[in-house]
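First comes the structure, then the notes that go with it.
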Amino acid sequence: MTFERLWPLIEKHVGEVFDNGKFSHGRQVAELEQALAAYTGARYAIGVNSGTDALVLLLRACGLRPGDGVLVPAYSFVATATSVVLAGGRPEFVDIDPTTYAMDPDALARATTPASRFVMPAHLFCQMADMAALADVAAHHGLTLLEDSAEAIGMRQHGSHAGLHGRGGVLSFFPSKTLGALGDAGAVLTDDREIADLVSGLRHHGRCAPTLDDFPRISTETTVPGTNSKMDDIQAAILLAKLSCLESDIARRAELADAYRERLTGVPGIIRLPEVVERGTDSAHVFYVYLIEVERRDALVDHLTGRGIATEIYYPVPLHLQPCFAELGHSRGDFPHAEAASEHAVALPFYPDLTVDQIDHVCEAVRAFSTTTAIPASRRGR
Ligand SMILES: *Cc1c(COP(=O)(O)O)cnc(C)c1O
């Protein structure tokens, strides 16, 4: 939906924030939580200030102890693994499936150590990890299953929304996400009452409500050292407005992905276009990002930038090679699929208001690049 059409709805919800005068953890947040629970089918949706804090609080609420191993994919947004450190755990990396870019169940079985207590796959770009297979491995090794479903609003597998296949998951409403706020916001999703109660308290200085039913009447006692991860009502208001057009935005994203596929199939130099793996009935994929893999990625990025076309690199450094994880002692070659994706993947312009003419323009530029043999050496290998 275009911003002009969305604006009256935003004005209405933001107006309500000013009318009732509570700008943090107020009525719009409570309404958004209900709307998210209804949309995803989660018993509980708990609004927080970012997807990253949602991950940290979820891990803490699930009983992560200092030093616990948390198996995470070696290729994801850095918060998938830094949240583990912030919660006191230790990331243990697992290679990905090169088609879905999500944690590979066979690699998970091999990566498990005696310290492993949790596994947290991430659902990236357009589809979920193979949750049935991952749940089998998790059960076999006694691991608690969580999901970094920050990118995965609208994605479902075997009838359940992303985030609800283990003990809990998260959503991120960072502005570029499928459902984006005008700033930072996030949520925890869970069907588990105990986890919901704990996250609810932890986001608000540990002032746990005795139960969620009592929630507005929170305790004045601090039962656990919590933090301030409350959600702003202005962001909740924006999200309530945008949630009403989420389904039409998702449908538009699917059309745009088809348009890209038609125009890019068979173009030389492209290693991979997005390929959705169907898993059972009542599953749904959602194009959050249109990510392709190409042979000379950095040169293509330069070529497109020179024509005024913005691209985004997801994710330029695999997690095991990030300096902040140097002490885990990994080196290049440890997770080959994660490394290959980091080297070749690039996301093309992709948002619901994009036009098919613009997609034509992008695809012509990609095709022109693939037929250009002479790339100036100075622009190679950034
Ligand atoms: C966006 C994202 C996050 C973090 O969410 P923020 O709201 O930006 O804190 C975590 N994990 C993944 C996979 C993401 O894409």
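What follows draws every value from the coordinates through simple rules; no lab data is involved. Because the structure is a prediction, the values reported are computed rather than measured. Here the Cβ is made from the backbone with ideal geometry for all residues, glycine too, and neighbour counts use every protein chain on show.
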Legend entry - Residue list for region 148-173, filter: near the ligand (Cβ under 10 Å from one of its atoms) and either closer than 21 Å to residue 345 by Cα or part of a strand (DSSP E or B) (or both): 148, 149, 150, 151, 152, 170, 171, 172
Legend entry - All helices (runs of 4 or more DSSP H) inside region 26-141 with 2 or more residues being without any contact (Cβ under 8 Å) to a residue 24 or more places away in the chain and closer than 19 Å to residue 337 by Cβ: 105-111
Legend entry - Residues that are in a loop (DSSP other than H, G, I, E, B) and either more than 9 Å from the ligand (Cβ to nearest atom) or buried (at least 23 other Cβ atoms within 10 Å of the Cβ) (or both), drawn from region 182-195: 182, 183, 185, 191, 192
Inset, instruction - State whether one or more residues within region 317-329 are touching a Leu at 6+ places or on another chain (Cβ under 6 Å) and surrounded by 16 or more Cβ atoms within 10 Å (Cβ to Cβ). - result: no
Legend entry - Of all residues making up region 282-321, the number that are in contact (Cβ under 8 Å) with a residue 24 or more places away in the chain and more than 19 Å from the chain's Cα centre (by Cα): 16
Legend entry - Answer from 24, 83, 76, 50 - the residue that is within 16 Å of the chain's Cα centre (by Cα), among the hydroxyl-bearing types (Ser, Thr, Tyr) and surrounded by fewer than 24 Cβ atoms within 10 Å (Cβ to Cβ): 50
Inset, instruction - Quick one: which residue in 345, 368 is of a type in the set (A, V, I, L, M), loosely packed, with under 14 Cβ neighbours inside 10 Å and within 12 Å of residue 300 (Cα to Cα)? - result: 368
